[in-house]
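Working notes, beginning with the structure itself.
The values are calculated or read from the model by the stated rules, or taken from the named source; none is laboratory data. Predicted model, so just to flag it, every value in this text is computed and none were measured. Here the Cβ positions follow ideal geometry from the backbone for every residue, glycine too, while neighbour counts run over all protein chains shown.
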Amino acid sequence: MQNIDNPSENFKSALRVNPGVEQPPVVNPHLGAKGGRKKKLQLTPDEYFAGITSGNRTVLSMAITMVESSLPQHQEIARQIIEKCLPYSGKSYRVGITGVPGVGKSTFIEALGMEVTRRGNKLAVLAVDPSSERSKGSILGDKTRMEKLTNNPNAFIRPTPSAGSLGGVARKTRETIILVEAAGFNTVFVETVGVGQSEVAVHSMVDFFLLLMLAGAGDELQGIKRGIMEMADLLVINKADSNNREKALQAQAEYAGALQLFPPKPSGWVPRAVTTSALFNQGIEEVWNIVEDYARLTQQNNYFFTNRVQQSKFWIYETINDTLKNRFYNNPEVQKLLSEMEQNVLQNKISPFEAAARLLQVYETK
């Protein structure tokens, strides 16, 4: 019998459509009715502070992003966060680590970091990555290079783009140190981009300065500036393994001799030169023992506290200089005139000094 109301039932087909799988309910609360994401809620400074001091790493990372941001509204929030965290900071031991390209900084930091956490410490690594002057982008690859340390529950790694600041040191690194200290990290490593002016800035924010060197890369004592060697509290010749071990020992002797020629340090510490193989975890324990020896000495002779006071004074003036520089370049009248002044200098119509004077005059009168 044919179905007049539904003729399609009168024909048999070899095709059969099975019922589909029942769709699960929406599990992402951020998805709206139209499938778009809801706007991310902005935390208040009090909420950031509560999250940081309770050890919430997600909130800590968000707060550091606020500190790094150049947006005025973010800078104001960051300022309030820092003010709240400041009484909870200052209780960590800060170690600056730098070295020539190819010395194996990431491998060394991971090995030393694992040793630090093995001894019951909580470690924050602030690894400053170089930013491209053209694209302003950076690789931020330290987390991929430090896989073991990244997965260590007592370690926190924060790669930060240098954003073209002096010598590659991120402008906000000191503020970030305050935040990670308030989050309970009692040891902080600050890794710099490489040997250069950045070491001066790093030296002014750490308690111990470690310089990594590489043997067998030419004339050892010509390969690095004397000023940086004078700042170093410990010289480490890395990659002292396999066929390179003899060269490393020779370099160690040369550096040890060179360190004796430098004036005595105000800390009363006598710098040393040692060899390590971070890849094979050789000499790493000795390095951290030396860091702890230095910490004990400087706390006993009060240099540790005196140095911290001097560093705070230094950063008052650095912050003033940085703020004035940003205000100058963000001034609308300066921005209008800057291109014209550049062209006049390039065409030899005025000197660079006259151009700078006119720009400053415009800034001061507006």
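Below is a table of values for the structure above.
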{"read-out": "Verdict on Ala295 being of a type outside the set (Val, Ile, Thr), part of a strand (DSSP E or B), under 30 Å from Gly90 (Cα atoms) and assigned by TED's automatic domain parsing to the domain that holds Ser106", "value": "no"}
{"read-out": "Breaking point among (1) surrounded by fewer than 22 Cβ atoms within 10 Å (Cβ to Cβ); (2) hydroxyl-bearing (Ser, Thr, Tyr); (3) modelled with pLDDT of 90 or more, for Thr176", "value": "(1)"}
{"read-out": "Every residue from region 309-334 that is exposed (fewer than 12 other Cβ atoms within 10 Å of the Cβ) and over 29 Å from the mean Cα position of the chain (by Cα)", "value": "Pro332"}
{"read-out": "Lone unmet requirement of (1) free of Cβ contacts under 8 Å to residues at least 60 places away in the same chain; (2) closer than 23 Å to Gly227 by Cβ for Trp315", "value": "(1)"}
{"read-out": "Subset of region 100-127 [at positive phi and under 19 Å from the mean Cα position of the chain (by Cα)]", "value": "Gly102, Gly104"}
{"read-out": "Enumeration of residues in region 344-357 that are in a helix (DSSP H, G or I) and surrounded by fewer than 11 Cβ atoms within 10 Å (Cβ to Cβ)", "value": "Leu346, Phe353"}
{"read-out": "Residue that is modelled with the highest pLDDT [pool: residues in region 138-151 that are in a loop (DSSP other than H, G, I, E, B) and within 19 Å of Ile64 (Cβ to Cβ)]", "value": "Met146"}
{"read-out": "Any hit, region 312-325, residues being part of a helix (DSSP H, G or I) and modelled with pLDDT of 95 or more", "value": "no"}
{"read-out": "Condition check for Pro263: surrounded by 11 or more Cβ atoms within 10 Å (Cβ to Cβ) and either modelled with pLDDT under 95 or farther than 26 Å from Asn186 by Cβ (or both)", "value": "no"}
{"read-out": "Some residue of region 294-303 being modelled with pLDDT of 90 or more and under 28 Å from Gly102 (Cα atoms)", "value": "yes"}
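For (1) in a strand (DSSP E or B); (2) free of Cβ contacts under 8 Å to residues at least 24 places away in the same chain, each residue gets a yes or a no:
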| position | (1), (2) |
| --- | --- |
| Asn244 | no, no |
| Ala248 | no, no |
| Gly257 | no, yes |
| Leu261 | no, yes |
| Pro266 | no, no |
| Trp269 | no, no |
| Val274 | yes, no |
| Glu286 | no, yes |
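Results for (1) touching a Ser or Thr at 6+ places or on another chain (Cβ under 8 Å); (2) at pLDDT 95 or above; (3) in a helix (DSSP H, G or I), shown as yes or no for each residue.
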residue: Leu112; (1), (2), (3): no, yes, yes
residue: Val128; (1), (2), (3): yes, no, no
residue: Lys136; (1), (2), (3): no, no, no
residue: Phe185; (1), (2), (3): yes, yes, no
residue: Phe189; (1), (2), (3): no, yes, no
residue: Val193; (1), (2), (3): yes, no, no
residue: Gly196; (1), (2), (3): no, no, no
residue: Glu199; (1), (2), (3): yes, no, yes
residue: Gly216; (1), (2), (3): no, no, no
